[in-house]
Every structure is written in structure tokens, then in C-alpha cells.
1. What is the dipole size for region B:30-113, taken about its Cα centre, with +1 at each Lys and Arg Cβ and -1 at each Asp and Glu Cβ, in debye to the nearest 20?
2. Can you put B:ILE423, B:ILE604 in order, fewest other beta carbons within 10 Å first?
3. With N set to the number of residues, divide the alpha-carbon radius of gyration of region B:76-205 by 2.2 N^0.38 Å and report two decimals.
4. Go through B:LEU410, B:GLN327, B:LEU498 and say which Cα lies farthest out towards the positive end of the charge dipole of the protein assembly as shown; charges sit on Cβ, +1 for Lys and Arg, -1 for Asp and Glu.
5. Semi-axes, largest first, in whole Å: what does sqrt of 5 times each Cα gyration tensor eigenvalue give for region B:146-223?
6. What list do you get for B:ASP65, B:ASP228 if you sort them by fewest beta carbons within 10 Å?
7. Starting from the Kirkwood Rh over alpha-carbon pairs, what translational D in µm² s⁻¹ does region A:171-213 have by Stokes-Einstein at 20 °C and 1.002 mPa s?
8. Can you compute the helix-only [θ] at 222 nm over chain B? Use -39500 (n - 2.57) per DSSP H run of at least 4 residues, normalise by all residues, nearest 500 deg cm²/dmol.
Amino acid sequence: MEFFHFKKDKDIPFMRHVLALNAVSFLSFALAVFFLATRGLNPSIEFTGGTLVEVEYTQAADVNRVRTTVEGMGFGEVQVQKFGTSRDVLIRLPIRGEIPQVEVSGRVFEALCKLEQSTTGTKQYTTPQGEQVSRPSCTAGDGTEPMRLARTEFVGPSVGAELYENGAWALLVTILGIMAYLAIRFEWKFAVAGIVANLHDVIIILGFFAFFQWEFSLAVLAAILAVLGYSVNESVVIFDRIRETFRRFRKLSTMEVIDHAITSTISRTVITHGSTQMMVLSMLIFGGPTLHYFAVALTIGILFGIYSSIFVAAGITMWLGTKREDLVKPGSGKDLDPNDPNAGAVV
Amino acid sequence: MNRYPWWRYTLLVVALLAGLLYTLPNLYGEAPAVQVSSGKSTVKVDAATVARVEQALTAASVKADFVQFDGNSVRARFSDTDTQIKAKDAISGALNPDASDTRYIVALNLVSRSPEWMAKLRALPMYLGLDLRGGVHFLMQVDMRAAVRQSVDTYASEARTALREKRLRFAGITRDAAGVTINLPDASVAQTARDLLSDRLPSLQWSVQEGAEGTQLVGRLSAAATADIGKQALLQNIETLHKRVNELGVAEPVIQQQGLDRVVVQLPGVQDTARAKDIIGRTATLQFRLVEADGGAAAETVPQRQTTEGPVTMVGLKRDVIATGEQLKQASATIDQNQRPAVSVRLDDVAGRAMRTVTRENLGRPMAIVLYEKGRGEAISVATIQGEFGTDFQITGNFTPQETADIALLTRAGALAAPMEIIEERTIGPSLGAENIAQGFDSVLYGFVAIAVFMCAYYALFGVFSTVALAFNLLCLVAVLSLLQATLTLPGMAAIALTLGMAIDANVLINERIREELRGGAAPQLAINTGYEKAWGTILDANVTTLIAGLALLAFGSGPVRGFAVVHCIGILTSMFSAVMFSRGLVNLWYGRQKRLKTVSIGIPNSQGGGGSPARTGSATTTELEV
């Protein structure tokens, strides 16, 4: 089976429309920045601090009733939403000074339990594997449990501030590390082009999260950094091929060289990203609500990664005026330096 | 040219076998077990406990798969839950004859079902994180400023005592976060005082200052001393937490230092956070009380801690509590002036005054230090009062150095060195955990199948090689994680899925390159060889950039992100090995032996060597070379 096969002199003129496409890029980038600035991200409680309670009902839950009850407890701005299924309810509570945070989840559970005309207690039981477990329970008069506490989470404000800081550091170190690597491996123009292209991806992912107000959690941050490392590969492969083409074809113009490089790597680009996307899609479908936004961030990152490596990275390289001399050292006598361990390392 | 020397094949086979060996324990699942651990700080679980457990089981005619000691606890594995519960009752009855006094925690637990020989080779399954297993997680912040303040208080009172002893006049002692300031009448006294205190309290750096307030002797905590105070406080808090968690009867608690001033407590299986919080956050349980010789008049009777087997001595106590654990500043093993092992104890000023009054009136009578655990007291030390003393005293006796260390430790265990605050708390229900495992597993499985089907369809036989290499990568990754005894979490499973999705890139690069060589008219054997060689540089480049991001996550990530980063980084390394070396091994094994290889099954039409085949590919080569 073969999806891509191009004849030598039929390189796809990717760079012909690069100006228009870069304008589109710039526009989407500006939009993303605009949404980030106006709407802002919707950070998870890992970043903001606060309490999260997930309750699992035996029947479809009435979110409005839950909301009214929890709002009536005076914890400030409360978010109540369904999580995954209609029976799971997720409640987010901000940090409020007057109530000891460690008691909040217990009080919410108690109030919700009372709403179901049941009483809270502790239940001891043995799992099928023989493990002994105790958990808070909510039992109705007839001994049934109308709801269960699936999970609770409390994060203090200091932890959240630290996470922001560490997240920013991780992003900065990744960017600098990758730029340094590209600058050593190629030259500064490529480093700049590569990093601009990939930051463009990062901003666009963030723009999506700001526009839809999806929850921005630690897992999403991890996904973004993973995507950053991953889509730089893409640029590296194309850059590698650009250098190779400069060496091999002396007469081609920069634009033709770039077109040729992209055309000869497009097959690998699409198949690799397609494979990774299949895995991410599997996570999106089967991974459940916990992995949902992680997979969403990866999906956006992978799709935009293809586009940005081709049009943004290569485009910027062209605008920066990359020349043959930048990559092929003049005076070396031969174009293919036998001492270069990476000579001919192309796809 | 496409042949590997025998040692390469050997290496690959060894890697394959090792991968299988270390991955297998994860597939065996878990079997019911009974775990016996120490229920009290005074009870030690060791190899001798194994014999007692075995005895108890034989007596109850319950058959265990094995009984083994794993460093902290004794575990016995059983074939089914019925036997397990019977065994638990039998062991519990034998080890804790007094039902109200649990000396040993006998808990139901799970251990890997893998055969014993695997465990001996350290082939153990990965731990499951709380998000996969259910349980509670606390992150506690230790108030280091309070710990330092407490130490400075102690230093100030010590300085006062020392100056009084030497009859040096001073106008007053003030203390702040950084140290102690003593107002002195003149410079000569200041010099003497400085020499004295530098000798007695070397943890502070003493210097004489002349200022508006007159002559002052200033003792500053050095950075090293502050760090040391923090370290000690943290260690003591962790020690205390251990004792308290023991009361919860949790099979495998995790209590670890995180950073300089934090402690992580993870209790798998425990869902009752309210009780866990109550016990972990509880206050001191240590008391200093006089011993009542007349058994009938005693307000309370507690057993004395035993160091050797034998009948238990009961100690009667008077009603009044002289001092409690909260007033304890320090307890450490030391050597007295007669070079005998002793325990040095320091109390705060209030307790010191009370102690002085009591000791003055009760010379020659015995005093006990009682540690309360689970509401039951135990006298960890009973000693005769030899003289009047206050905040500082020593307990001597017929002790070995080990015993004094134990007593000091137990005494300290009654108190937290510095207050702690819960800054992060997470509880996950067991059903949610099981759901998370299923979802994580499904993600990896279906993603893998989709990639495998596509690769085999698109690259034909080379796709099969790629798929096998990808499976080998998964095997290596899981084996390395098991070998490192990593804790698997849901983000970790996501990282496994993502790593596999990205790892296939290397094989795509190789296969595309081989296709290109074939289209260019290269002979099949040559095409395979150059394909692998030329793809290698790009694969390395691609992985280095991904690794940079992975390492940044590892360095700055915490909690779930760290788990993700660990798996991601290891996955990148295993994928380089499997995608390049292992798949090449397969290809060499399949094609390398054939001398006159005509076609390669890689999904594109190609035939014979020498570059004469389809016209379009042939022409492409020539143009390319001529330009």
C-alpha cells in the first residue's frame, strides 16, 4: 500500500501559498492570544487550590438540586457539573478562609447525604481480593446507598502557586533546551523557526482551552510539553532534509529546496502523526473522563503540529533568508562532508 | 551485510527473556494474603515472627503457600479468601492473646500470585498508585519556623543556666528567629561569657557587639545549624507519623519526605479519611508520672516494656502527670559521666519547674515514662529519682547503647517536633480505581491494535517487524518499570500509550527510507542496510528533542506529572533500542540469510537488485544523481 508517491520534478509547491497561510497562522495565533487574554484559562484546583468532591449516585443525579444545596452552605463560588456519566457529579469549591479546608469535603458529603434522606457513617468491608477497606458511607433507612463518595481532593493555596511556577520553568527549560539543540545541530535561523512554529502550537492549544473554558490541569500541561518535544521532531526531519537538498542540488532556489524537502518527507509526516493520533484517539475514546482533556490537548497539538512544521517552520526559515551557505560550509570542497556523522541522515 | 554477529542476537534474546521475566509478575494478578506488622513501637517484627506465624497456622491446620519476612512485615499467602480469613483469625489469636491489646497488626492484604522463584529474582509487579487502587494521600507541611523557634527557646534557657552557674551577671536574654541576644554589663564579662557559651552551645555562633543598648553577646544560628534543626524535626515527625499510621492497620503505608519541609503520607485501601486525619493529626501521647509502689492505691497500672522474653512486670502509676510529650524538647541517647549509656531528656520551662518540685519531694522514689498507644499505656522506662532536677536530666540504668537509643526514640515518638498542616489531600474510592485501570488498559490495548493493523497493512512484512518491535518496546518498558519498582498511575498508563504512539515514528522513518532506496533502484539488501543507517541520525534527533521535554517535566513536575515523565523518558530510551536494534535483528534474521534477495515485502512493488525495475523509479534516481 502506498499513499504518497511523487515524481522528482513534481514537488508540491507548498511555499507558493506560504504568505497566505502564514497570514492565517498569524490570525489564529492572534485569536488564541485574544481568548487567552479576555477569557483566560480555567485552571483546575491543582493550580488554584480548593476542594473537589466527586459523588457517584445510583440514579441519574439532579445537578441543580446538588448545586442549590452546596451553594446554600456558604463556601463561595461553587461549580457543580456532571463528570463522565449522568450519575457522577463533580463539585468544585474555592478556598475560603473561615472554614478549615480539610473538613469541607466531609461537610459537603454529609449535606448531600441528608438531601437523599440518608445518614452518613463508616462502612467496613472486604474487597473480593480479601483486602479490608473502610470508607465513609451514606445509608438510607432501608439499608441501600443512594450515593457514594468516589473521590475527594484538597489542594492548599501554596501548592498551587508552586505548580504555576514549576510549570512555567518546565516550559522555559524545554524551549531553551530545544532551541540550543537546534542551534547546535543546524543554525540559529532553524532554531528560531522551529521554536516559533512550536510555540505557535502551544499558544493555539491554550487558545482552545481558553475559548471553550476546558479545565486546564497538570495532565494538560504535561500533554503540552510532550507535544512541544514531539512536534519539534517534525521540524527537525524537514530541516534535515532541507540541508540535505541544499547539498545535493546546487541550482535550486531556496523555495524549491524547501518544497522538495517537504514533498519527500510528507509521507513519513502523515503516517507518523496518524499513528500517534490513533493512540491518542484510543485514549480519547476509552480513557474515560480523567484522561479526556489530556487526549484533547494532544489531538490539537498533533494536528497543528503537522501544519506548523510545514508552513510555519519552513516558512519562517524562508523569511529569515536561509541560504545554501548557511548550511553547506563554503570552501569545504565537497558538499557531502564525510566527517559529518549526520551526512545524509534523511528520510 | 544484513547480518548480525552472534553476540548481538544473544543480547537481543537475553533482553527478550529478561523483559518477559520482569513483565510476567504484573500479569499473575494478586492473591489473598495476611500481613503481620508491628502494632506498637515496642514490638519488633523479625525473622522469628515467621516461625510464630507458621506455628499458629499449623496449629489451626491452615495451609499457606508461603510465609516470608520482607524487612518490615511477615506475609503469608493463601490460595483463596476463605483460607485467608481463617488464617487471619488463627494468627491474630496466637500473636495477640489479649484482644484489647494489639501488639501486632494482622491485616488482610494482597500479594502477587507469581511463583516464589520470581520474587527471589526480584521480579515483582509494579506498585499500583492510589488513583488505580483507591486510598488516601496527604501532603503535610512541617512548620520549620516553629521548629527553629523551639530550638532557640531551648538555647536561650540553656544559656541562662550556664551563665548563672558561672555567676556571670547579665541584664536579660532576648530571642528572635535568628538567635539569642544577651545584654551584659561590660566587655570583659562579655568575653568570658562568649568563651563559655561557645564551648557549651557550639550550634550558635557567638559574637560580642557594642551598640546603643550597651554590650551585647549575640548568638546566631548558622545556616548549617538551622538546616540541621529542620532535618531533625522532619525526621522526628516522620517517625511519629509512622507510629500513628500503624494504628490504622494499613498494610502498606507510604510515609516519605518530600523536599525540605514536607511529608507525603499515602494509605492505600483506606477510604475513611476522617479517621485517618484524626489519627495522623493527633497530639502527644507521652507522660511522665510517679510510680505507686502500693498496687492497690495505683490510679492506673501499665505493663513495662520488655527487652527480653519473660513474665510481664506491671507498673502502678500515681494520678498526677508531671509532664507530657508536648513539653518534651529532646530525648537522645548519650553517655553519662561514668561512661555508661544513658538517655538524656530535656523538658520545657514549665515542665522543668513541675519536675523540680516533684523530684525534690520524691527523692529515691521511682518515676516512669509512659507511652500511650491506642489508649493503652506502656512504661518505656522506670527509673529511681537520684536527685533534684528540672528541665534537663538523664536516665541511667543497666542499659546497652541499643536500649538507650530505643528509649530515646520511643520517648520522642510521643511528640511532633514541629506542627504540621495538611496542604494537599486526595481520596480515591476503590471502584474508581478499578475503573481507571480498565480505562488505562483499554487505551493502550486498542491504540496498539489500531497501529498494528495499519502498519501491517501499509508496510506488509516490514509492518509486521515494526509491530513486533513495538510489542518488544512495550515489554521492555513494563519490565524496566517493574525492575525499578515504579508506582504505576493513570498518567503513567497514558504515558505508556503515548510513548508507543510516538515510538512507531522510528519504524516509519526506517521503512520510508528503505522504500525510497528501493524506488531509487537499490538492491534489496543494500536498500535495507542504507535505510537503517540513514534513518538512524534522524531517529536520534527526533528522540533527543522529545527527551529534552521529558527531562524538563521530570525536573519540574510533581505528583502525577512526575509519573508521566518517568514513563515517558524510559519509554524513549527503550524505543530507540527496540525500534532500531530489535527490528533490525528481525529483518536480518528473515532477509539477511538470503544471498540473492529479489524482493522485499514492504508494501511497494519492487523486484530484483541492480536498479533496473520500474521505469519511473529508475528515472527518478538518475535525475537525482545528475542535478
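Only the coordinates and a few stated rules stand behind these numbers; no lab work does. Nothing here was measured: the structure is a model prediction, and the numbers come from that model. Cβ placement follows ideal geometry from the backbone for every residue including glycine, while neighbour counts extend to all protein chains displayed.
1. Values: 10 positive and 10 negative charges, 22 e Å.
Result for region B:30-113 is approximately 100 debye, rounded to the nearest 20.
2. On the way: B:ILE423 21, B:ILE604 18.
Arranged by neighbour count, lowest to highest, B:ILE423, B:ILE604 become B:ILE604, B:ILE423.
3. That works out to 2.10 for region B:76-205.
4. B:LEU498
5. Numbers: eigenvalues 69, 36, 25 Å².
Working from the Cα gyration tensor, I get semi-axes of 19, 13, 11 Å.
6. Working: B:ASP65 17, B:ASP228 14.
So the residues, fewest neighbours to most, are B:ASP228, B:ASP65.
7. On the way: Rh = 11.0 Å.
Diffusion coefficient, whole number: 194 µm²/s.
8. Working: 17 runs with 304 residues, N = 627.
Calculated from helices alone, the mean residue ellipticity at 222 nm is -16500 deg cm²/dmol.
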